[in-house]
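The values are calculated or read from the model by the stated rules, or taken from the named source; none is laboratory data. Here the structure is a predicted model, which is why all the values come from computation and not from measurement. Because the Cβ atoms are built from the backbone with ideal geometry, glycine has one as well, and the counts that use them run over all protein chains shown. For the accessible areas, the whole protein counts, side chains as well, though only heavy atoms, and no ligand, DNA or RNA atoms are used. Shrake-Rupley method; radii C 1.70, N 1.55, O 1.52, S 1.80 Å.
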Amino acid sequence: RFEDGTVSFLDIIALKHGFDVLEKLTGGMEKINQHTFALAHYTYTVLSTLKYANGAPVVRIYNDTDFSNPETQGPIINFNMLDENGEVIGFSQVDKMASLYNIHVRTGCFCNTGACQMHLGITNEDIQRNLQAGHVCGDDIDLVDGRPTGSVRISFGYMSSFEDAQTFLKFIIATRLSKADTEIPLQPSVTKLTTESVSDDHPSFNNADKLSQIPHISDTELRNNSSVTKTTVNWQPPEAEAESIRAAVSETAVPTCRRGGKPITVTNIYLYPIKSCSAFEVTEWPVGNKGLLYDRNWMVVNQNGVCMTQKQEPRLCLVNPSVDLKKKVMVIQAQGMDPISVSLEENTGKEAVICESKVCSHRVKTYDCGERIAGWFSLFLGRPCRLIRQSSDMKSQSHQKNTKGLASATNISLSLVNKAQYLLINVASILQLKEHISARLEKPLEIEELIRRFRANIVISAPESFEEEEWAEISIGALQFQVVGPCSRCQIICIDQQSGERNKEFLQSLSAARGRKTNLGIYLMNQPLRSSFPDILSVGSQVIPVLKENTEIQPPTSGEEKCSG
């Protein structure tokens, strides 16, 4: 009676054949049980022994058994990563870092709130407080008041190998430990478990080189592995510098005085007409009801109608769209391709396609831009894809909670953005991060390259790094914006926007510099104008922020340094 639609009788018929194939490949469920348990036992044993130089454990494992009996312990390990001080590193950050190493983990409470509460020590009152703080199932709020709201889980299947387990352990070592701490102990009992787990009757499931022995992961092996070498040194700033970073990002460290009394101004404006493609820089631009006019109005989708981003296709950053308001066209260029243009005027006659975008996580009503442009993108990217445009009468609603001074979130229209209408970054914050990344890469970086990596709409020059995180509202000329939260960065910042090359050091450096978080920049929503001023955003405009305590930072007068309380 709980069946939704017709019972899948074809799949039921296929079950016997599936079990027969599984038996032929593996030798049966008992063999699978022993094999996967051996992997879990090995990984658990090694994880349990990993420690920082000060003796603190690298992970906290949540378990009800000691991983000694496959009858009572399945092939999963549930844990949270810790820093040197024993503080939990949020599962959202661990997930992002793991994705850089092509490792898929599950995070959160795993649809098991009871076990989550028991192992994490979360009371019913804590659940209510977390909910009031905005935490819901499936979001990125992994810490509330420094306490975890969930954890990380890895799972092994019959197709998993010891190489998979070692790849995961190398990821933990590369991101958390220094070279001196990379020796992984080998437990003889694990080798015995593995040797006994597979019979000689199934050669496809009994590779002696891969399964019967567990290779020792040594310093030498890690140094010889180029993918690990760059990440084995977990650089940390000196304590005095680390304290200044923590103070700069503290929720209570509100900037009260600006250095030299310099005003805050807009230095750059970027729009991204095609989602995940290259930026189009302007000096002034009209503001529409969804943000900058034509910002992320188009997106590239695969043959299943799912939005493609640089995460799946880094070459999207090499596609350069530009908008000509006078000619009412968008011109798209890429190296080795003839330029192609798309009209800015909507072709409502083709408006029919409904697509589910995993990136935007909500349905958007779009129409297809035609075969000619689809062929252009398919040829350049080397895979079937299409360009679609959001329909003007489709309102993509914001899921941000309502905040003071902002119109009801349900009345805010979004383009094909992920979170909010605008993303703002501060040059001072980028400069501070630049020093950390340069030290880790051991080579100088251009500030323009970093700005491009963070793909903001509005770039400002404020005297204090990360002071933007203390703002509740800002005014830019006649425009008013509500700050709706920090931007938690993903692996796209690892992609060079000029070449499309990846370097995971950038996200790791951001995490190290920001103290276990990957935030940089703030999201903004535009408050509706109630004046006759033109809706234009311009470079050089003065930015006047209002602190979270609703204390307005006054612009400095000539020759006079102003402080705000």
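For segment 55-92, how many residues meet the condition of being charged (D, E, K, R) and either open to solvent by less than 40 Å² (accessible area, probe 1.4 Å) or not assigned by the TED database to the domain that holds PHE168 (or both)? So the count comes out to 1. Is segment 499-510 home to any residue that is at pLDDT below 90, assigned to a strand (DSSP E or B) and under 30 Å from ALA98 (Cα atoms)? Yes - at least one qualifying residue is present in segment 499-510.
Assess whether ALA279 counts as being modelled with pLDDT under 85 and outside the structural domain of ARG453 (by the TED database). No: the conditions fail for ALA279. With respect to (1) under 20 Å from CYS494 (Cβ atoms); (2) in contact (Cβ under 8 Å) with a residue 24 or more places away in the chain, the lone exception for SER438 is condition (2).
Can you give me the number of residues within segment 28-50 that are small (Gly, Ala, Ser) and surrounded by 21 or more Cβ atoms within 10 Å (Cβ to Cβ)? Even if it seems obvious, please write down each step before you answer.
The first filter runs over segment 28-50 and keeps only residues small (Gly, Ala, Ser), leaving 28, 38, 40, 48.
Okay, now just the ones that are also surrounded by 21 or more Cβ atoms within 10 Å (Cβ to Cβ), so 38, 40.
Going through segment 28-50 one residue at a time, the tally reaches 2.
Screening CYS137 against (1) closer than 18 Å to TYR44 by Cβ; (2) loosely packed, with under 12 Cβ neighbours inside 10 Å; (3) within 27 Å of the chain's Cα centre (by Cα); (4) modelled with pLDDT under 85 leaves a single unmet condition, (1). Among the residues of segment 106-119, the one identified as hydroxyl-bearing (Ser, Thr, Tyr) and either modelled with pLDDT under 90 or open to solvent by less than 30 Å² (accessible area, probe 1.4 Å) (or both) is THR113. Every test in (1) without any contact (Cβ under 8 Å) to a residue 12 or more places away in the chain; (2) more than 23 Å from the chain's Cα centre (by Cα) is passed by GLN312 save one, and that test is (2). Does ILE103 count as assigned by the TED database to the domain that holds SER160 and open to solvent by less than 30 Å² (accessible area, probe 1.4 Å)? The answer is yes for ILE103. Here the strands (runs of 3 or more DSSP E) wholly within segment 410-476 that include at least 2 residues being β-branched (Val, Ile, Thr) and open to solvent by less than 30 Å² (accessible area, probe 1.4 Å) are 458-461, 471-476.
The set of residues from segment 460-483 being over 19 Å from SER538 (Cβ atoms) and of a type in the set (Phe, Trp, Tyr) comprises PHE466, TRP471. If the condition is being in a helix (DSSP H, G or I) and either surrounded by fewer than 20 Cβ atoms within 10 Å (Cβ to Cβ) or among the aliphatic types (A, V, I, L, M) (or both), then segment 148-165 contributes GLU163, ASP164, ALA165.
For (1) at positive phi; (2) modelled with pLDDT of 95 or more; (3) of a type in the set (S, T, N, Q), each residue gets a yes or a no:
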{"site": "VAL300", "(1), (2), (3)": "no, no, no"}
{"site": "VAL306", "(1), (2), (3)": "no, no, no"}
{"site": "VAL319", "(1), (2), (3)": "no, yes, no"}
{"site": "GLY336", "(1), (2), (3)": "yes, no, no"}
{"site": "SER343", "(1), (2), (3)": "no, no, yes"}
{"site": "ASN347", "(1), (2), (3)": "no, no, yes"}
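Within segment 47-67, restricting attention to residues that are β-branched (Val, Ile, Thr) and assigned to a loop (DSSP other than H, G, I, E, B), the residue that is farthest from the chain's Cα centre (by Cα) is THR65. Checking each residue in segment 357-406 for being open to solvent by 30 Å² or more (accessible area, probe 1.4 Å), of a type in the set (A, V, I, L, M, F, W, C) and at pLDDT 55 or above picks out CYS369, LEU379. Of all residues in segment 68-101 being assigned to a loop (DSSP other than H, G, I, E, B) and in contact (Cβ under 8 Å) with a residue 40 or more places away in the chain, which is farthest from ALA174 (Cα to Cα)? In this case the residue turns out to be PRO75. Only residues that are of a type in the set (Phe, Trp, Tyr) and over 19 Å from ALA513 (Cβ atoms) were counted across segment 457-473, and they come to 1.
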